[in-house]
Structures are given as structure tokens and as C-alpha cells.
Amino acid sequence: MKIGLVVNPWAGIGGPAGLKGSDGADSVQAALAAGVLPQVAARLAAMFGACGGAAQAVSWYTADGDMGLHALHAAGLQACAVVPVASPSQAADTRRASCILAGMGIDLLLFAGGDGTARDVLDGLRDAGAMATLPVLGVPAGVKMQSAVFANHPTAAGLLLRQLQQNGLAICSDAEVMDLDEEALRRNQIVPRLYGYLQLPLAPSLTQGGKSRHASGSGAQRMAIARSFAEGMEARSLYLVGPGSTTQALLSLLGVDGTLLGVDAVLGDGTLLARDASRRELEDLAGSWQSLLHLVLSPIGGQGLVLGRGNQQISPRLLRAAGRRGLHVLAPQDKLLSLHGGVLRIDSGDAELDAQFNGYLPVTTGYREQTMWPVSV
């Protein structure tokens, strides 16, 4: 089996800094200035770990340096670096690498990044005339991952690669490539755009599906969920409230001027401590607090991701500090029923920690109403 690998080495770097994405040199520089380190190498290491010995049986073709060769060598794999690239790499390098690799007779194009990277891959395959024929698989490593071309977790990508190497390529289906306008996101505006379709191996339990773009639950349902949760909040405890319309209803009920698409730190009495905070700010706050840390999150519609999509400000360290007892999921019942694969997922950036949440979590679905829902990494 011949696999091409393209890596966006800057993917996801804007997430911990609360920048809503990593598109463009300005976002990368702002994230670096905030002390954020690149995340992609760890994501790929988790994927190769899950793939195991099957990766050794693959013939790997890739771009040079941080766009692929370094990750393969770090995993102990031999590869042909057939695409020279400049450093630092640009979006044009992803498009060019995808185009060149597609022309080499590979069986699968594997890429690591987010929605912006998926767009560049699509452009490269279109240039190669392979957009409708070459299977692709995205390793989720970005901030915005609303496209349906990604595995649901780096370990899931490794498991799928192992299956494909052992059993051959599965049936493929059309998968949406979506992206959001990052400047609009920073103004709390969600402006999605469909860029096209790529071919994804059919494996519903291992791929995340596209984000549902219909509103889940009515305003009254979201407010009922908010009232139910607010009744149990402890006045002097610290709550980190993630993005989403359901969590926004909670902030509104508390009288907090929070953010729809960021992470806000509040006390149970409604005192706002940090608005649209970065990972560093949240970790500093949590480190100075003595009581149990609470994470209040709502899953991505359709995908079921509770952590790891648009809320990378919440780090593995914060998730570990909260634990199961401090992780609170709020979602209308119809959102749960429409989830791809029927499960909730956690992708914090620490695969071992994520696996500890497999099983069931209580989800507040109405006023004084909870549903136990399965969680599967």
C-alpha cells in the first residue's frame, strides 16, 4: 500500500491562544508570541502509535522536513521525500505537495491539519485531476474541523490506517470540505462555506462526519438546561464555560457578558473572571483556585466532540484537574439523537487521558433532566 503524507506544521497553534484558528502568518506569529508551541507532532505520534506495526508495511511518500518527513522519521519509518518545501511552509506548499503526491500512484493521501488544510488539499487534488478518485484521510490537528474528511481522533486515524493496510481500501463516500471565515469568528459570527467534496474511506465509527448546521433545541429548551445547571452552581467555585449556544444561554442567565465562540471563566455567583481567555490564562486561574474545577461544555452538533474542536483553550491539564466529577455536558436531547455514530467524543490532545472518559457521562438535557450518554474515544 502506498500512502502520501502532507503535514501542516502550524495547524492548531492558534487554538490554545484563543485565536479561533491558525490561518495566515499573523495568526501563527501571534500564537508563538503567546507562548504556544506547535501541536501537530504529538497528534501524529498518537496516530502512528495506534497504527502500530501496520505502518511499517506501508510505502510512504511525503513532503520534506516538517511537512511530513520529520514525523515519519520520528515514528521510525522509512519514507521517500518527493516534495521539497521551503521553511516556514505556506498554504501553497500544501496544495503543491498534494498535487505532486496524487500524481505518483498513491492509494491514499493522509494529511494533518484543520479545515484550512483540507481546503488546500482539495485544491491540490483538483489540480491533479484526482479530487473525485483519490481517497483521503485527515488527522485532526486544527482548530476549525467542521469538514467531514477527518478521523474523530488521532488514534482513530491510526486504527483506520491499520484496517486499510490489512484489509485493503474500503468503499469511499463523498465527504464535505467546509471552512469558516476566521475574521468573522473573531467577531462572534459563524460564516461557513462549502468548498467541495473529497473521497473518504467509509468507516463511521472512526470518522467524525460533518458538523450539523441546524440549530439544536429551541431557545426555551436551552434556557431550561441553563436554569437546571445554574441551580446547582456553587457561588465561589470556578467554572470554565466553553463555546456554543447552549452554554451561552447559561452565561446570559447568570448576567455574564461572555463569548459565543470562546472560553469564559466565571464564578458560580456570576462574577466574570476572564472573557475569551487563552489556555495560559485559564491554567493560571485554575492553578490559584482551591475548590473543584468545573468545565461546562456542549458537544459539536453532528460530530459529538465535547473537547478538541474550537475549545483547545481547555488543555489536558485542565481536563485532568476537573476529572469526571467536574466535567459537565449540556445539550438538548435532539442534538444527542443526531450525533454521528451516536456517541460523545473527547480529543483533548492527550490520548491516554481521553481514554479514561470512555463509558458514560451524564448530560443535562432539560430542566432537572439528565441523560446518561455513551462516550467513545
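The values are calculated or read from the model by the stated rules, or taken from the named source; none is laboratory data. All of these numbers come straight from a predicted model, not from anything done at the bench. Note: ideal-geometry Cβ built from the backbone for every residue, glycine included; neighbour counts use all protein chains shown. For accessibility, only protein heavy atoms count, side chains too; no ligands or nucleic acids. Shrake-Rupley method; radii C 1.70, N 1.55, O 1.52, S 1.80 Å.
Size descriptors for segment 34-132: radius of gyration and Dmax over Cα atoms are 13.5, 42 Å.
Here segment 20-151 has 54 percent of its accessible surface on carbon and sulfur atoms, given a 1.4 Å probe and all protein chains in place.
Assign unit charges at the C-beta atoms only (+1 for Lys and Arg, -1 for Asp and Glu), then state the dipole size of the chain relative to its Cα centre in Debye, rounded to the nearest 20.
Numbers: 28 positive and 31 negative charges, 113 e Å.
Computed charge dipole of the chain: roughly 540 debye.
Which FRET efficiency, nearest 0.05, do SER252 and ALA92 yield, Cβ-Cβ r, R0 41 Å?
Taking R0 as 41 Å, the efficiency between SER252 and ALA92 is 0.45.
Mind checking the per residue accessible area of segment 68-166 for me, 1.4 Å probe, whole number of Å²?
Values: 3300 Å² over 99 residues.
Per residue, segment 68-166 has 33 Å² of solvent-accessible surface.
Counting only DSSP beta bridges whose two residues both lie in the chain, roughly 40 percent are antiparallel.
Whole number in Å², please: accessible area per residue of segment 257-353, 1.4 Å probe, ligands, DNA and RNA not counted. Write out the running numbers ahead of the final one.
On the way: 3380 Å² over 97 residues.
Computed with neighbouring chains in place, this is 35 Å² per residue.
With an 8 Å cut-off on Cα pairs and a minimum separation of 6 or more residues, tell me the relative contact order of segment 1-121 in percent. Before the final figure, lay out the partial values.
On the way: 198 pairs, mean separation 45.1, N = 121.
RCO, segment 1-121: 37 percent.
Ordering SER147, PRO88, TYR61 by Cα displacement along the dipole of segment 42-160 toward the positive end leaves SER147 in first place; charges were set at the Cβ atoms of Lys, Arg (+1) and Asp, Glu (-1).
Which percent of the accessible area of segment 276-324 is formed by carbon and sulfur heavy atoms (probe 1.4 angstrom)? All intermediate terms of the calculation are to be shown ahead of the outcome.
Numbers: 820 of 1690 Å².
That fraction is 49 percent.
At a threshold of 8 angstrom on Cα-Cα distance, excluding pairs fewer than six apart, so keeping six or more, what relative contact order does the chain reach in percent? Write out the running numbers ahead of the final one.
On the way: 912 pairs, mean separation 56.8, N = 377.
Taking the mean separation of contacting Cα pairs over the length of the chain, I get 15 percent.
Rolled with a 1.4 Å probe across the full set of protein chains, the surface gives THR271 an accessible area near 60 Å².
When only alpha carbons are used to place a centre, segment 275-314 and segment 1-68 end up 22 Å from one another. Our Cα-only numbers for segment 1-83 put the radius of gyration and Dmax at 14.3, 41 Å.
Would segment 210-330 count as rounded, prolate or oblate if I go by the C-alpha gyration tensor, calling it rounded below 1.5 in a/c and otherwise prolate when a/b exceeds b/c, oblate otherwise? Because a/c hits 1.5 or more and a/b fails to exceed b/c, segment 210-330 counts as oblate.
At 222 nm, what helix-only mean residue ellipticity would the chain give, in deg cm²/dmol to the nearest 500, using -39500 (n - 2.57) for each DSSP H run of four or more?
Details: 13 runs with 120 residues, N = 377.
That calculation yields -9000 deg cm²/dmol at 222 nm.
On alpha-carbon atoms, Rg over Rh for the chain using Kirkwood Rh? Before the final figure, lay out the partial values.
Numbers: Rg = 20.2 Å, Rh = 20.8 Å.
Value, to two decimals: 0.97.
Distance between the 7 Å Cα→Cβ label points at LEU353 and SER173: 3.2 nm.
Using R0 = 35 Å, the C-beta based FRET efficiency linking ALA33 and GLN56 works out to 0.30. Annotation: aspartates and glutamates with alpha-carbon distance below 16 angstrom to LYS211 (same-chain offsets under eight excluded): ASP115, ASP174, GLU176, ASP179, ASP181, ASP334, ASP347.
Return the FRET efficiency for the residue pair ASP284, SER245: r is the Cβ-Cβ distance, R0 is 30 Å, and the value is rounded to the nearest 0.05. Could you put the intermediate results ahead of the total?
Numbers: r = 28 Å, r/R0 = 0.93.
Plugging the Cβ-Cβ distance into 1/(1 + (r/R0)^6) gives 0.60.
Length gain on complete extension for the stretch ALA230 to ALA74, per 0.36 nm per residue less the alpha carbon to alpha carbon distance? Could you put the intermediate results ahead of the total?
Working: separation 156, 0.36 × 156 = 56.16 nm, distance 4.72 nm.
My answer for the length gained is 51.4 nm.
Within segment 228-377, DSSP assigns beta bridges of which about 50% are antiparallel (rounded to the nearest 5).
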